[in-house]
Every structure is written in C-alpha cells, then in structure tokens.
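Derivation of every value follows stated rules applied to the coordinates shown; laboratory data play no part. All of these numbers come straight from a predicted model, not from anything done at the bench. Here the Cβ positions follow ideal geometry from the backbone for every residue, glycine too, while neighbour counts run over all protein chains shown.
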Number of protein chains: 2
Amino acid sequence: MPTPAELRAAVDDYLTAMNTNDRERYVSLYTIDATIEDPVGSDVVRGHDSIREWWDLVHSLADTIELVPTGPVRVAGREVAFPFQAVATTDGEQRVADIIDVMEFDDDRRIVGMRAFWDPAEARPKQG
Amino acid sequence: MPTPAELRAAVDDYLTAMNTNDRERYVSLYTIDATIEDPVGSDVVRGHDSIREWWDLVHSLADTIELVPTGPVRVAGREVAFPFQAVATTDGEQRVADIIDVMEFDDDRRIVGMRAFWDPAEARPKQG
C-alpha cells in the first residue's frame, strides 16, 4: 500500500498537472479505467479517453483553472481527501468555487477514482 | 432530495450533537442501518446499537471531544464533505487531528453513511 508521504506527493502531482494546464500529465495520473465523478451526483466519466474529453470540456469553459489548497491533505489508508478553491479565469474575470476532492489510489499510486464535492450553483465572483 | 440548505442544517445538527456530548441525539441523525467508517480504511460500523458502542469507545479515549469547522460544507447532490479539526481533551491535555467527513443522506435528511478521512498517526498536541 502507498505510504501517506507517497499519497501526499501524488496529490501534489495532481495539483501541478492541473495548474500547469498539462492534460497528458493529468491523464497519466489515473489508471486506464479510472473514474471521475465531478461534481458528485453527476454522470461518472470512465477511462483515459473519456477523461481527456472531460478535461477538454472543463477547459472550454475557462481560459485558465487554478486549484489553491485551503487545508491539509487527509490520508486514510489508500484514500485521500483535501480541500481547495478552484479559480476559473475567463476574459480576465475570476470565479471561485470551494471543492473537496476524494481520491482512491492503487498500489502504483495511480488514481482509481476521483470524486469532487462541490455545488456549481455556489460558484461566485472572486473577491479581491 | 434534500436541499443544500437542509443538508447544511443537518451538518450543524451533527456538530451540535457531538459538541454537546449528546449520544442519543447523535445516533438519531443516522438511519437504522447506517454505516460509519472512521477512519476510512478501518472496519465499518453498522446500525444504531453498533454506533452507540462506537460512540462509547471513542468517548472512553478522551474527556471531551470538540469538532471545529475549518472551512465551508461542500454539498453535492445528496452528499456532503466538510473539513474540521477534532480537539480531544484528556486530563487537561489537548490533542488535535485534521479530518474531512463525507456523508450521504436519505430523503429524510438522515445519514445513510459517514466516512471520516484522517490518519490517527497525524494527531498531535494542540498548540496555543
């Protein structure tokens, strides 16, 4: 089983892939048949090709997306949960959403499943 | 399906039940066959009687346990995730742990399942 330090490093990789807008690095963090449920309650995306389509859709909605951690990564067994804000910038306007991601990893520290807890209706203009 | 406002109120009830040390109120927030996995990766507790035993075990380890929110409740469909610190006081000494709880609710706003993401090895003396 991955160590807590390894899982924290995997979360760092995840944030870096998103924040450097690196789709292929992002996809490589997932197992071949991994699932994404973002937001929780919506249709599940499965597999690398579908994750690429999902990435493209998300990134068609904003010029840039930055994930800013707002607290420590909680590691529990082979799963993690961590809080952050997503800041989406479009034509210079920024919107922010509070999100908690939950991820399960395999023995190779690849993501088996990711679930994002947030409510798109709660997204709001970024202050300051 | 419960509204986001109703689920936020249910989380408030949960925190109040724990912070007022009210076991029966706490148990009443769960469906009759609800599950608790705390921490994630440990054995699952199922049903009101087992939840009572779990409560008693947890509270045998500390004089008081206080849950202090550290960020907003994320609502997604019929599930929530929220970050907090648990502060356990024993013989005047305080230890703190960073936790994220994930809960699923039924239509009556009862908890169907609770999973607590944290690592007991990360608990530490409270500073200040």
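Side notes on the structure shown:
- Within the listed set B:GLU79, B:GLU93, B:GLU104, the residue fluctuating most in the Gaussian network model of chain B (springs between alpha-carbon atoms under 10 angstrom) is B:GLU93.
- Cα centre as origin, Lys/Arg/Asp/Glu Cβ charges: chain A dipole, Debye: 300
- GNM result for chain B, Cα springs below 10 Å: residue of B:ASP91, B:ASP106, B:ASP63 fluctuating most strongly: B:ASP91
- When the helices of chain A are scored as -39500 (n - 2.57) per DSSP H run of n ≥ 4 and the total is divided over every residue, the value at 222 nm lands at -8500 deg cm²/dmol.
- Helix axis angle, A:48-60 relative to chain A longest principal axis, alpha carbon, degrees: 20
- A:LYS126 versus B:VAL58: modelled label distance in nm, points set 7 Å from Cα along the beta carbon direction: 3.6
- Pairwise Cα separations in the protein assembly as shown fall into 10 Å bins from 0 onward with the following percentages, short to long: 7, 29, 35, 21, 7, 1.
- Pseudo-label separations to other copies for A:ALA5 - Cα-to-Cβ vector, 7 Å, nm: 4.9
- Residue by residue along A:80-87, Cβ atoms of other protein chains within 10 Å of the local Cβ number 4 on average.
- When A:PRO69 is represented by a point 7 angstrom out along its Cα-to-C-beta vector, the spacings to that point in the other copies are 2.4 nm, nearest first.
- Inter-copy label distances at B:ASN21, using a point 7 Å along Cα-to-Cβ, come to 5.6 nm with the shortest given first.
- The C-alpha atoms of chain A define a longest principal axis, and helix A:4-19 lies at about 30 degrees to it.
- Between B:LEU29, B:LEU57, B:LEU67, the GNM of chain B built on Cα springs shorter than 10 angstrom shows B:LEU57 fluctuating the most.
- Theoretical FRET efficiency, 1/(1+(r/R0)^6), r = Cβ-Cβ of B:ASP49 and A:ASN19, R0 45 Å, to 0.05: 0.45
- Axis proximity, chain B to A: residue whose C-beta lies nearest, plus whole-Å distance: B:PRO83, 2
- Relative contact order of chain B, pairs being alpha-carbon contacts under 8 Å that are 6 or more residues apart, as %: 26
- Mean shadow area of the range A:22-70, taken as a quarter of the surface of its Cα convex hull (nm²): 4.0
- Square roots of five times the Cα gyration tensor eigenvalues for chain B, Å: 23, 17, 13
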